[in-house]
Amino acid sequence: MPVSARRDEIADAIRRHPVVIVCGETGSGKTTQLPKICAMAGGGRAGLIGHTQPRRLAATSVARRIAEELGSPPGVHVGHKIRFDETLSPGATIKLMTDGILLAETMSDPMLSQYDTLIVDEAHERSLNIDFLLGYLKQLIEGARRDDLKLVITSATIDAERFARHFGRGSEPAPVIEVSGRLYPVEIRYQGFDDRHRDDEDESDLPSRIDEAIETLWREAPGDVLVFLPGEREIRDLAEHLRRLHARESASRSGSPWARGPIEILPLYSRLSAAEQQRVFAGSGGRRIVLATNVAETSLTVPGIRYVVDPGLARVKRYRYRGKVEQLQVEPISQAAANQRAGRCGRVADGVCIRLYDEADFAKRPRFTDPEILRSSLAAVILRMKALHLVDIEEFPFLDPPPRKAIADGFALLQELGAVDEARELTAIGRQLSLLPVDPRIGRMLLAAREFDCLREVTVIAAALSSQDPRERPLDAQQAADQAHRRFADEKSDFLSFVKLWDYWARAQAEKESNRKLAQRLEREFLSTRRLRDWADVHAQLADAVRALKWHAHARPASYEAIHQALLTGLLGNLGFKAPDDPQYSGTHQTKFAIHPGSALVRKQPRWVMAAEMVETGRLYARTVARIEPAWIERAGAHLIRRSWSDPAWSKSAGRAVASERGVLYGLTIYAQRRVNYGPIDPRLSRELMIRGALVGGDWDSRLRFFVHNRRLVAEIEALEQRIRRPDLLVDERDLFDWYDERIPQEVHSAQSLERWWREASRADPGLLQLSRDALLRKGADAVGAESFPRRLAMRGLDFDLDYRFDPGAGDDGVTMSVPLAMLNQVDEVRCEWLVPGMLKDKVQALAKSLPQRLRRHLVPLPAWADGFVERWRGREGSRPLVDALIEDLREGKDLRAAPADFRPETLAPHLSMNFRLVDVHGGVLASSRQLAALRAEHGPRVQGAFQAAFAATTAATATAKATAIPIASPSTVATPSATGIAGGRYTEWSFGALPELMELTQRVGGREQTAIGYPALVDVGDAVELQLFDDPAQAAAMHRTGLLRLFAVALREPLKYFEKHIPDFQRMSLLYASFGGADDLRRELVAATLERACMGDPLPADADAFAARVAEARSRLNLVGQELARAVAEILSGHAAALRKLGAAKPVAAVAADIDAQLQALMPKRFVTATPPAQLRHLPRYLKAIVLRLDKLRNDPARDAQKAAELAPLLQAWRRLSAQRRGQPDSRLQELRWLLEELRVSLFAQELRTPMPVSVKRLQKALEALRG
C-alpha cells in the first residue's frame, strides 16, 4: 500500500508532534494502515487508539479488515462501536467508531481519557460532526488538559494545508504527510456541450450524453462503468433509458457496443435495500453500469470500476436560514469532489474519467465542497456545547467559523424548543434535551410526550424519525410496494403510520417465526429487516434514556390529540395552513409548500398541518405530515406567537375595553379577529376607552346611582338641544372626560373594577361621580322655556306628541308630530303651519326672505320684523293660514299689498315644515311625510277604518251626544245626552234616538286617554241604514244624505212604486236618454231625484219626530214633484238632442267643436238627473238652447265667436286649474263659479236668452282672484 512506504516517516511525526495530517487519495491505504502505524509509534499503551469514520458501514468494515490483517478475531485486538452495535473486548487496543459516537462520549468523558491516540478519518468530508470534533480536540490539546493525546487527521484532498494551519502551534503548522493513492493512471477527458447540444443545455439531454460517453469508452475496451448522478430520480430515469437502449440495439443486431452481450445496470444510493446494495459489490461475469449518487465518492469503493462518467452534478443539502427549510438542490460539484470521483477508477487497470463539462468549467468551480457547518442548522451543536460548558460558539475554534446568521438561527430553534432562555442559557428543558441521544426537535417531542401521557407512541415515532424509513420501494415494484404499505397508512397522520408499522413488526416478532421466515415475510411486504432492527435499536436506546430519567410509559393507547400535541412541540417551524382557494399551503417564514406525493394526506388535505421536515427539491415539499388544530399551536407555541392588537374599543356587553388580536408564528397567522380583554395589554388606553365609552358616551348597562343620575341630566340637555336646534348647550366630551379622569383612580379600567371602587369609595362620599346641571351646561348657555318647544301640540281637543331632532338632511330634521292612524283627519293643517313658538320666528323670517325685493326691502332688518310678527300674533297661532296672517300683517303694519303668490314656501328648508309621523295603536311607525294631504290621500281608507273600529268598540254608555251644533274648537265644554243607537245596528226606521251633530270618541293613545271629535251619519247599506261615525265632516255629510235618502225610500216605498209606474211620457224620454243609459237607469234617476226634492229640504230631520213629519209631508206631494221633474227632464233631453243635431249639421272648426263637446259632457254627465243640483237643473234647457244659438251665429260671424271664445278660455283654464288643485276639498265657491261660467257662455254667445244675474268677464276674474287667496 502506498502509505506503508511512508510508515517510518509518519510514525516519527506522530512521536514528535501532537497533531499530524496525512493526506492521500482514496486507495492509498491510510484508513487500514494508520492504526497500525500509530501502534508502532507508541499508541495504544496508555489508552485506546480511537479511529473515527463518517459512516457506520465504513467503521465496521474497516474494523474487520484491520483485524484480518492482524490475524485477530473481531473485537479482540480491534473492535468497533457504532450506534446499536459494539464489539470490543477489554484488551482491545484499536477502536473503530463513527464520529458521532466519539462526540457522544464527550458528554460522559469530556477529557476522552480512555484514548491516547485518535485518528479522525475522511476529514475532507467536513461533516458537522467532524468539524465540531476537530474544534473540540483542538481545545482539548491546546488547553494542556490532554497534552499527551496524539491526533492524526486524514484527508483525501489537497486541502490538508488548512488542517495544518488550524492545528499549528504559533506560526508553525502541523506536519502534513502526503501519500500517493492510485495504482494505475487515470485519463481525464472533458466533453462539454458541443454545437449539437448547445440549444438545449439542460438535464433533459443528460441521458443521451451519458450513453454516448459509455459507448465511446466501450468502443475502446470493455470494462465496468461508474456513473455519478445527482439523485434517485435521475438514477431511475437513466436506468430506464439505458435498458431501452440496450434492448433496442440488441434487437437490431447492430454493431453497437450496446448489442455485445448482457449488461447489468445497477443503482446505488443510500435508501436502497441491503440486497440491492449487495448486488453492486458482488462479482459479475458481464459488463456492469453502476449508477450512483455521491455516496460512491469516498465512503464506498465499488470493485472492478475501470471507467467513470461524471456529469459534475450532485444533490446538496443546504439549510435555508430565512425559510427554515432544508433544500436538496442540484449543484455543480467542487474540484475536490470531481477528483474524488475520478479516483474511483484506475484500481484494476488504466482508468478513464469522462467529465461531461469542459475544462474551463472545471477551472471556475470552487476548489473544495462547502463544509456542512456552513449549510446546516447548528441547534444540536449549540445544545451540546452548552451541555459540555464549552466556550461560546462564536469563540469555538471551528475550522470554518459558522456565519452569525447560522448561529442566530441555531439559538432561535433552541428558543423555539424552550431549550435556552433569552440570555441564551440552558433551561431545565435544555438540560433534559442534552441527555437524550436524538435531534433536539425529536427530544422535545419526548419531553412533551411525558406531559401528554403518550410516551409509548411518541418514543416509537421519535425512533422512526431518527432512523431510515424501513419501507422499501424497489424500482421494479413500486406499485406493489405502495399497495403493501397502504395497510399502515392513516388518513389524518403519517406519524401514526409509524405506530401501525411498529405494532405490526412487534406482532410479527411475537409469532416466534425463524429469522429466515420472518425476513422472507418482511421482504414480501417490502420492509427492510435491517432498517427495522435499526429502528428497534434506536427505540431501545431512547427507551433506556427515558427510563434513566425515570419517565414511565402507560400501556393504554394515547389519543390522537395527545400524540400530535406532543409532536407539535418539536415541529413548530414546520406548520402550514391551506386556504380553500389556494392549491398550496402557506407555511412559516413566508414559505409556500405542497404535501409530498408519498403522504397519505395528499388526496384529502386538511386546513392545518405539521410536518416532520420541509425539503426543497425544485419545489418545497412537506414530508411526514399530520392534521392539527390551530388551538394546539397556541398552547405549544405560546412563547413564540407574536401577538398584535387592532381596533381597541369599549365593549358594552363585556364591560371593558376589547381589541382584535392577531397571533402570528414565524410569519404564519394562527388566528385573527379574536376579541380579547385589552385591559392587561394597555391599561392606560383601556381606562381612557372606559371613560369615553361607558361614562361619557353612556354605553354601559348599569344601575349605579351616579350613572343613572348623570345619564338623566345628559338626556335632558340633549333633548333641549334638539328642540331649540342648538347643539352647543352640553359641554363637549373632552370636558366630561377630564372631569371623570380627575376623579377615577388610574388602576380602574373596566366596569367591574369601576363598580368595585365606586361602591367602596361612595360610602364616605355619597355624591361621588355625580354631575351637576351647571357642570354639564356650557358657560353662557341661555335658559330656554319649555313653552317655546312644547312636548305636545293641542288641536281639536287632542294632544299630539312632538319630537325634535337637529340633524340637517335627515328625514325627520326639525319637529315631528306623532299622529295615531285613527286621528289623522283630526289634525288641523292650518295650525301645523305655525309649528311651535320656538320655531315660528325662523319660519316667518324664511317666508319673508322669499318675497320679491319690492316688498322685502320694507322689512329689513328681517329678524326684528319676524320677532314683531310673532309678538303681534301671540295667542292667535293657527287662527288662519300663516301666509294669510302675513299678508294681513303687511297690510295693516306696513301698508303693503302682498298676494299669496308672492310667497314661495317651496324654498323653505324642510325643518320649517311640520313632519307628520303616522303611528298605529302600539306606536309603530306606518308612514312619515311633511305633506299632510299626501298622507291622507294614501292612507284615507285605513284612517277611516281605524276610526270606525274605534267607534265600534265604544259602548253606548261612553258615547255622548251633542244636542246642538257646537264649535269644533271646544267640544269638551258641551254636555249632551247619550245616543240610544250606536254602531252595528241596521235600521229601516228611525228608532235610534236623536242624531247628534258631533260625538266625542275616547281612545287610549301613547299610554293616555285621547278624546276625538266624530261626525255621526246614516250610511246606506242597501235595504237599510247603519249609524257610523266619521272623522271628516264633509264625508259624514255626503254619506248621511245617501243614508237618509235610503231611510226615506223605505218609509215611502208605496208612493214611489206608484210614481215609477206613472211617469209621464216615459217611453219618449227613454229613447232620448239612450246615450246616457237604459230605461231602468232613467227610472231610478227620476225616482231618486224626486225623493231628493220631496224629502231632503233643509234642515234635515235630526230625530224621529222630524223624520216622521217629513215623511208625511212628502207622501202628500211626492207624485206632484215627480211629474214636474219628469217634464223638466223631458225638456232637457229634447234640448240635448237638438244641440247634438245642430253640432253635427254645423260642422264647426275643431276648436269650437271641442269646446261645445266638452261643455255638453260637463252639463249632462251620465247621471245628470241626480248629479245636477235642483237649482241648476232647471237652467239646463237654457244652456242647451244657447249652444244651438251659438252654432247658428257661428256660420254668419265666426270671427265674433272666436273673439268671445278667447275671452272665455282663460277663465275656463283658471277654473280647471283650481279644481285640480282642490280635488278632494269641497268648496261651494268653486261650484258657484262653475255655474257662473255657464251663465257667462249664455251672455257671450246667446245674450238674447238673458241671465238671472249680471255676469261679465271682469266679474268672473274678480271671483277667481278671491278664490285664489
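Restricted to region 190-206, and to residues that are assigned to a loop (DSSP other than H, G, I, E, B) and more than 28 Å from G24 (Cα to Cα), which residue is modelled with the highest pLDDT?
Out of the qualifying residues, it is G192.
Check V844 against each of (1) surrounded by 17 or more Cβ atoms within 10 Å (Cβ to Cβ); (2) under 22 Å from V943 (Cα atoms); (3) not aromatic (F, W, Y) and name the one condition it does not meet.
Failing condition for V844: (2).
Would you please list the contacts, defined by Cβ atoms under 8 Å and residues six or more apart or on different chains, that run from a residue in region 980-998 that is surrounded by fewer than 14 Cβ atoms within 10 Å (Cβ to Cβ) to a residue that is of a type in the set (F, W, Y) and at pLDDT 85 or above?
Every condition considered, the pairs that remain are T980/F992; G985/F992.
Applying the selection to region 253-269, what residues are at negative phi and either out of contact with any helix residue (DSSP H, G or I) (no Cβ under 7 Å at 6 or more places or on another chain) or touching a residue at least 40 places away in the same chain (Cβ under 8 Å) (or both)?
Once the filter is applied, which keeps residues that are at negative phi and either out of contact with any helix residue (DSSP H, G or I) (no Cβ under 7 Å at 6 or more places or on another chain) or touching a residue at least 40 places away in the same chain (Cβ under 8 Å) (or both), region 253-269 yields S254, G255, S256, P257, W258, R260, P262, E264, P267.
I'd like to check which helices (runs of 4 or more DSSP H) are fully inside region 1171-1269 and have at least 3 residues that are under 60 Å from the mean Cα position of the chain (by Cα).
In region 1171-1269, the matching helices (runs of 4 or more DSSP H) lie at 1198-1221.
So the check is Cβ under 8 Å with 6+ separation or different chains; which pairs have a first residue in region 164-181 that's more than 21 Å from D400 (Cβ to Cβ) and among the polar types (S, T, N, Q) and a second one that's at pLDDT 90 or above and part of a loop (DSSP other than H, G, I, E, B)?
Hits for this filter: zero, empty list.
For region 234-273, how many residues meet the condition of being over 23 Å from G618 (Cα atoms) and either outside the structural domain of N294 (by TED's automatic domain parsing) or in a helix (DSSP H, G or I) (or both)?
14
In region 1211-1219, is there at least one residue being closer than 18 Å to A1154 by Cβ, surrounded by 13 or more Cβ atoms within 10 Å (Cβ to Cβ) and among the small types (G, A, S)?
no
Is it the case, given these coordinates, that V819 is in contact with a Leu (Cβ under 9 Å, 6 or more places away or on another chain) and surrounded by 20 or more Cβ atoms within 10 Å (Cβ to Cβ)?
yes
Quick check, is F398 in contact with an Asp or Glu (Cβ under 7 Å, 6 or more places away or on another chain) and aromatic (F, W, Y)?
Spelling it out, F398 is indeed in contact with an Asp or Glu (Cβ under 7 Å, 6 or more places away or on another chain) and aromatic (F, W, Y).
Among the residues of region 285-293, is there at least one that is within 28 Å of F526 (Cα to Cα), touching a helix residue (DSSP H, G or I) at 6+ places or on another chain (Cβ under 8 Å) and at pLDDT below 90?
Checked against the condition, which is being within 28 Å of F526 (Cα to Cα), touching a helix residue (DSSP H, G or I) at 6+ places or on another chain (Cβ under 8 Å) and at pLDDT below 90, region 285-293 yields at least one hit.
Filter region 718-754 down to residues that are at pLDDT 75 or above and not in a loop (DSSP other than H, G, I, E, B), then give me how many there are.
Number satisfying all stated conditions: 19.
Need the failing condition index for T588 against (1) in contact (Cβ under 8 Å) with a residue 60 or more places away in the chain; (2) out of contact with any Leu (no Cβ under 6 Å at 6 or more places or on another chain), just the number.
For T588, the exception is condition (2).
Yes or no: V1242 closer than 27 Å to A1088 by Cα and in the same structural domain as L1264 (by TED's automatic domain parsing)?
no
What is the number of the single condition among (1) assigned to a helix (DSSP H, G or I); (2) loosely packed, with under 13 Cβ neighbours inside 10 Å that L1056 does not meet?
Result: L1056 fails condition (2) only.
Which one of the conditions (1) assigned to a strand (DSSP E or B); (2) touching a Leu at 6+ places or on another chain (Cβ under 7 Å); (3) closer than 27 Å to C345 by Cβ does V62 fail to meet, given that it meets all the rest?
V62 satisfies every listed condition except (1).
Looking at region 1029-1051 only, could you name the residues that are over 18 Å from P1101 (Cβ atoms) and touching a residue at least 24 places away in the same chain (Cβ under 8 Å)?
L1029, F1030, D1031, D1032, A1034, Q1035
Here are the criteria: (1) acidic (D, E); (2) assigned to a loop (DSSP other than H, G, I, E, B); (3) modelled with pLDDT of 90 or more. Tell me which single one E187 does not satisfy.
Tallying (1) acidic (D, E); (2) assigned to a loop (DSSP other than H, G, I, E, B); (3) modelled with pLDDT of 90 or more, E187 fails exactly one: (2).
Looking at L1018, L1071 in this structure, which one is surrounded by 16 or more Cβ atoms within 10 Å (Cβ to Cβ) and either among the hydrophobic types (A, V, I, L, M, F, W, C) or touching a helix residue (DSSP H, G or I) at 6+ places or on another chain (Cβ under 8 Å) (or both)?
Just a single option satisfies the conditions, and that option is L1018.
Every residue, every condition in (1) among the basic types (K, R); (2) in contact with a Leu (Cβ under 7 Å, 6 or more places away or on another chain); (3) in contact (Cβ under 8 Å) with a residue 12 or more places away in the chain; (4) under 20 Å from R703 (Cβ atoms), yes or no:
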site: E721; (1), (2), (3), (4): no, yes, yes, no
site: R726; (1), (2), (3), (4): yes, no, yes, no
site: E742; (1), (2), (3), (4): no, no, no, no
site: E747; (1), (2), (3), (4): no, no, yes, no
site: Q752; (1), (2), (3), (4): no, no, yes, yes
site: A764; (1), (2), (3), (4): no, no, no, no
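This table checks each residue for (1) among the small types (G, A, S); (2) over 13 Å from V1129 (Cβ atoms).
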| position | (1), (2) |
| --- | --- |
| P1055 | no, yes |
| Y1058 | no, yes |
| I1063 | no, no |
| R1068 | no, no |
| A1074 | yes, yes |
| G1078 | yes, yes |
| E1085 | no, no |
| A1088 | yes, no |
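From A251, A274, grab the single residue that is modelled with pLDDT under 90, out of contact with any Ser or Thr (no Cβ under 8 Å at 6 or more places or on another chain) and among the aliphatic types (A, V, I, L, M).
A251
Can you name the condition, by its number, that R209 falls short on among (1) out of contact with any Leu (no Cβ under 6 Å at 6 or more places or on another chain); (2) among the charged types (D, E, K, R); (3) modelled with pLDDT of 90 or more?
Only one criterion in (1) out of contact with any Leu (no Cβ under 6 Å at 6 or more places or on another chain); (2) among the charged types (D, E, K, R); (3) modelled with pLDDT of 90 or more is unmet by R209, namely (1).
Using beta carbons and a limit of 7 Å, which pairs, at least six apart or on different chains, have the first residue in region 394-416 and within 19 Å of L426 (Cα to Cα) and the second one basic (K, R)?
Pairs found: F411/R424.
Would you call V602 of a type in the set (A, V, I, L, M, F, W, C), without any contact (Cβ under 8 Å) to a residue 12 or more places away in the chain and outside any helix (DSSP H, G or I)?
When the stated conditions are applied, V602 passes them.
Matching residues to (1) touching a Lys or Arg at 6+ places or on another chain (Cβ under 8 Å); (2) among the aliphatic types (A, V, I, L, M); (3) modelled with pLDDT under 95:
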site	(1), (2), (3)
R556	no, no, yes
A562	no, yes, no
Q565	yes, no, no
P580	no, no, yes
H589	yes, no, yes
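Take the residues in region 522-550 that are hydrophobic (A, V, I, L, M, F, W, C) and touching a strand residue (DSSP E or B) at 6+ places or on another chain (Cβ under 9 Å), then tell me which one is surrounded by the most Cβ atoms within 10 Å (Cβ to Cβ).
Here the residue is L527.
Testing R712 on (1) part of a helix (DSSP H, G or I); (2) within 16 Å of Q752 (Cβ to Cβ), one condition comes back false. Which one is that?
Only one criterion is unmet by R712, namely (2).
The values are calculated or read from the model by the stated rules, or taken from the named source; none is laboratory data. This is a predicted model, so every value here is computed, not measured. Methodologically, a virtual Cβ is constructed for each residue, glycine included, from the backbone with ideal geometry; neighbour enumeration extends over all protein chains shown.
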